[in-house]
Structures are given as C-alpha cells and as structure tokens.
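Accompanying notes for the structure given below.
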Amino acid sequence: MAFVHRGAPSGRGDGPTLTQARREGMRMNIHSHALRPRVPPIATAIAPERTPSERQTRILDAAERVFARAGFHAATMQDVAAEAGMSPGNLYRYFASKDAIIAGMAERDRHQIAADFAALEPGKGPLLDQLEALGRRHLVQEPREKAVICLQIWAEAARNPAMSQMCAAIDGTVAGGLAQAIAGAKAQGELPADLDDARFLQAVFMMADGFLCRRATDPTFDTAMAADTLFAAMRGLARVLLRSDAGDVS
C-alpha cells in the first residue's frame, strides 16, 4: 500500500528499455489506477522472481536513495554506483541500465507487499487490525524517500505506457490482497456483509495515494497524526459504504 505506491525515468540512453528488461524476466509493478472486479487468489496472482542477492539488494537500496535525491531522469548509473560503493563496471554486472534497476526495485516491493498480504490470517487476530498494521508498515514506517519515489513514478506513468503498466501490475497485487482480506473480514463479522467492495477498494486507493502525496511534498506533514486519521477514516467508511445506498453516502 505504498505502495509503492506510477512513473519513473525512461532510462533513454542508459541501456535496454523497460520492455526489454521485462523480456529478460524482470517483471515490474509499482502503482496505477485500475482495479479489477475479479482478482485471482493471492497465491496464484503472485509469481515471485528469484530472491535478489545481497549485492543486488545493496544496489537497489542505493538507487532508492539516489533517485529520491536527484530524481530518476537526473540520476546516472555512476551516481548509483558511487552510492553503492562500487565501480560502474561492477554495477553493470548486476543491472544493465536504470530501467533494469527500476524493474528490480518494483519487483522487490511487489514481492514484499504480496508476502505481507499472504501472511494475513484470522487466527492471528482481527483481520482489520492486521490490515491496518500492514498499511502502517508500508505507508508510515517506510522512509519518506519511498513516498518521494512514488510521486515521481506516478508523474512519469501519466505519459509513459511502460510505467503505467508497472503501476497497474502492482495495483493488481494490492487489490487482490485487499479483496481477499475484505472477504475474510466479512466472514468473521468484522465488516458489513453488504459492503460495496469495489467502491471501498477505490476509496482506499485514493486515500492511500493522497497520504503518500502529502508525505512526499509537505515538509511539515505530521505522519503519525495523519496516519491515525487515515485509518480511522477507512474504518468509518467501511461501515457506511454499502451496496444498498450506492451514490448516497453522506
């Protein structure tokens, strides 16, 4: 749910395109807008790529810091190499381009989000409490730089079809996890049986996106207070956004 959050650098001149990177097996996901009415079970919707090596993880962490500071377009492979404490030649052994790095960042985030949703279980306590903890982990506990990167990604996705597809893919993972959790919460009596799932999911996406935007752009943003407000609002909305009063929520 930060999910990480729609845009990123095109990587022109830095190597293979995102489409080529995907063909090489690096599936990408980062946030978009489309919510599917029917989503596959989380276990079948997720096909994790191989676990990144320690060196790849170090590079991805360094790239996130560099992209947050300089922006995707201004940052160079040399900048990432310096931040990671390695030579540019060594960096290219792991990632052929900025596009490939972005793909790796996206897949890592998607994999973590999917794993977090898959770990939700009724036996661990109320599902709504578990969902809130998951949301706080991704929206609040992640460093502010993640929100900054999300904002850059969304802006780029508005004009870059490859980035838009990345966003749609990660939204699919988030929507699938939320849909399963909502169904479980209904079965446990934690949510109204006639909750309008589609409208509620859309509202959750919009509220989470707005939270990330404010966190990324407002230096005075009170993250803790805003998070309390956000999750209280989500819980309240779940009690009134019912199928029987569609279009008449007050």
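Any read-out appearing in this document is the output of simple, stated calculations on the displayed coordinates, not a laboratory observation. Worth saying up front: this structure is predicted, and the values here are computed from it rather than measured. Reconstructed Cβ throughout: ideal geometry from the backbone, glycine too, with neighbour counts over all protein chains shown.
Compute the distance from the alpha-carbon center of the range 52-118 to that of the range 182-196, in whole Å. Taking the Cα centre of each part, the range 52-118 and the range 182-196 sit 39 Å apart. In this structure the amide hydrogen of LEU242, modeled in the peptide plane, comes within under 5 Å of the amide hydrogens of ASP196, none closer than 5 places in sequence on its chain.
Taken over the alpha carbons of the range 72-224 as equal point scatterers, the Debye sum produces base-10 log I(q)/I(0) values at 0.17, 0.21 Å⁻¹ of -1.11, -1.43. A simple spin-label model places pseudo-atoms 7 Å from Cα toward Cβ; at SER87 and ALA155 they are separated by 3.5 nm. Between MET225 and ARG243, the distance separating the two model label sites (each 7 Å from Cα on the Cα→Cβ line) works out to 4.0 nm. Segment ALA233..GLN112, full-extension length gain: 41.0 nm, with 0.36 nm per residue of separation and the alpha-carbon distance subtracted.
Counting every other Cβ atom within 10 Å of each residue's Cβ, ARG136, ARG239, ARG215 order from fewest to most as ARG239, ARG136, ARG215. Between ALA183 and ARG144, the simple spin-label model (points 7 angstrom out along Cα→Cβ) gives 4.0 nm.
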